[in-house]
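Encoded as structure tokens, the structure appears first; notes follow it.
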């Protein structure tokens with residue numbers, strides 16, 4: 001290589017020019033790369049402190065608002081067990097309507113399960129500023145495909161547990177009996193539906209009244225339990241427990257054991273007494289049970305009596321209906337034209 005004067009360039013000059021050209025090319029490449037990645041554009045940066053891990057979230061993932069992409073995930077740092085610090089880059093013209101009350105959560109960016117950050121607008125608050133910090137709590141709902149697959153995997157692992165498999169085998173073995181039980185249950189439900197007297201609302205109202213009564217009894221039960229616990233303090237010492245044991249033993253010796261011997265010795269006599277008592281009680285109970293139907297039929301009896309004694313011209317008369325078809329002598333004595341077969 002030579003100059004215009006025809007003199008050849010020295011090796012040092014050639015090396016310097018090559019290094020300069022290389023540096024220029026590197027600088028141009030860096031500038032073009034920064035321009036392509038938007039480093040020269042005005043960016044709006046927000047930090048998200050997540051108390052849970054966004055499964056499948058990577059650098060460059062979308063940041064969405066109302067389903068539209070308004071930025072990218074710039075950086076992800078792990079700051080503790082199950083916690084992340086995520087730096088977002090948003091387009092300034094897309095966040096003018098956001099406030100510091102905006103909420104963030106993990107969501108699926110597309111049908112194929114790519115995880116993204118979704119911003120949810122909430123009313124109120126001051127305008128969102130550059131460098132603001134948002135948070136994703138542990139109770140935040142994740143609507144990502146990765147999370148769905150993860151939960152499905154946990155469910156499959158639970159179903160594959162030997163105890164669950166044993167339970168399923170038990171159902172399969174007793175499928176016929178379970179089927180009969182279900183059929184009987186459905187038949188009982190159908191019978192209740194066909195013989196339903198009142199609306200279900202009435203039964204629910206009755207159940208509500210019963211539950212109200214039970215609710216009023218709860219304080220009494222609690223007070224009874226508290227009193228029982230207070231009285232149980234008596235058995236807290238060894239001396240009182242020994243006294244209680246001696247009292248129970250004395251009750252057994254003085255009452256229960258002699259009473260058992262009495263029944264064992266005179267079992268035949270007690271059987272006769274019980275049989276005689278049942279012979280007296282059962283007819284009396286049956287008679288008492290027949291009182292209610294008889295009382296219910298009193299209005300019908302009174303109505304029949306009134307129908308048999310109508311009031312004609314201010315005087316009650318007795319009406320009789322005689323069927324004389326099988327009594328020709330009565331028919332002849334009364335006359336066929338008057339009786340006409342009756």
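The values are calculated or read from the model by the stated rules, or taken from the named source; none is laboratory data. In this text, all values refer to a predicted model and were calculated from it rather than measured experimentally. Every residue, glycine among them, receives a Cβ derived from its backbone with ideal geometry; neighbour counts consider all protein chains shown.
Which one is modelled with the highest pLDDT, of the residues in region 95-114 that are over 21 Å from residue 85 (Cβ atoms) and surrounded by 12 or more Cβ atoms within 10 Å (Cβ to Cβ)?
Narrowing region 95-114 to residues over 21 Å from residue 85 (Cβ atoms): 96-97, 99, 108, 110-113.
From the residues that got through so far, the ones that are surrounded by 12 or more Cβ atoms within 10 Å (Cβ to Cβ) too are 99, 108, 113.
Values: 99: 83, 108: 75, 113: 63.
Filtering first and then ranking leaves 99.
Spot the failing condition for residue 33; the list is (1) within 28 Å of residue 127 (Cβ to Cβ); (2) surrounded by 10 or more Cβ atoms within 10 Å (Cβ to Cβ); (3) modelled with pLDDT under 85, and only one is missed.
That leaves (1) as the condition not met.
Per-residue answers, yes or no, for (1) at pLDDT 75 or above; (2) touching a strand residue (DSSP E or B) at 6+ places or on another chain (Cβ under 6 Å); (3) closer than 12 Å to residue 54 by Cβ; (4) in the same structural domain as residue 91 (by TED's automatic domain parsing):
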position: 116; (1), (2), (3), (4): yes, yes, yes, yes
position: 121; (1), (2), (3), (4): yes, no, no, yes
position: 124; (1), (2), (3), (4): yes, no, no, yes
position: 130; (1), (2), (3), (4): yes, yes, no, yes
position: 133; (1), (2), (3), (4): yes, yes, no, yes
position: 136; (1), (2), (3), (4): yes, yes, yes, yes
position: 141; (1), (2), (3), (4): no, no, no, yes
position: 156; (1), (2), (3), (4): yes, no, no, no
position: 161; (1), (2), (3), (4): yes, no, no, no
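Among the candidates 256, 235, 221, single out the residue that is surrounded by 10 or more Cβ atoms within 10 Å (Cβ to Cβ) and in contact with a helix residue (DSSP H, G or I) (Cβ under 8 Å, 6 or more places away or on another chain). Write out each step before concluding.
On the way: 256 fails: in contact with a helix residue (DSSP H, G or I) (Cβ under 8 Å, 6 or more places away or on another chain); 221 fails: in contact with a helix residue (DSSP H, G or I) (Cβ under 8 Å, 6 or more places away or on another chain).
The match here is 235.
Against the definition (on the phi > 0 side of the Ramachandran plot and in contact with a strand residue (DSSP E or B) (Cβ under 6 Å, 6 or more places away or on another chain)), how does residue 60 come out, yes or no?
Details: on the phi > 0 side of the Ramachandran plot: yes; in contact with a strand residue (DSSP E or B) (Cβ under 6 Å, 6 or more places away or on another chain): yes.
Criteria met by residue 60.
Give me the residue from region 72-85 that is under 36 Å from the mean Cα position of the chain (by Cα) and part of a strand (DSSP E or B) and, out of that set, surrounded by the fewest Cβ atoms within 10 Å (Cβ to Cβ).
From region 72-85, those under 36 Å from the mean Cα position of the chain (by Cα) are 80-85; that's our starting set.
In the following step, the residues that additionally are part of a strand (DSSP E or B) were identified as 80, 83-85.
Numbers: 80: 8, 83: 15, 84: 18, 85: 15.
Filtering region 72-85 for residues that are under 36 Å from the mean Cα position of the chain (by Cα) and part of a strand (DSSP E or B), the one surrounded by the fewest Cβ atoms within 10 Å (Cβ to Cβ) comes out as 80.
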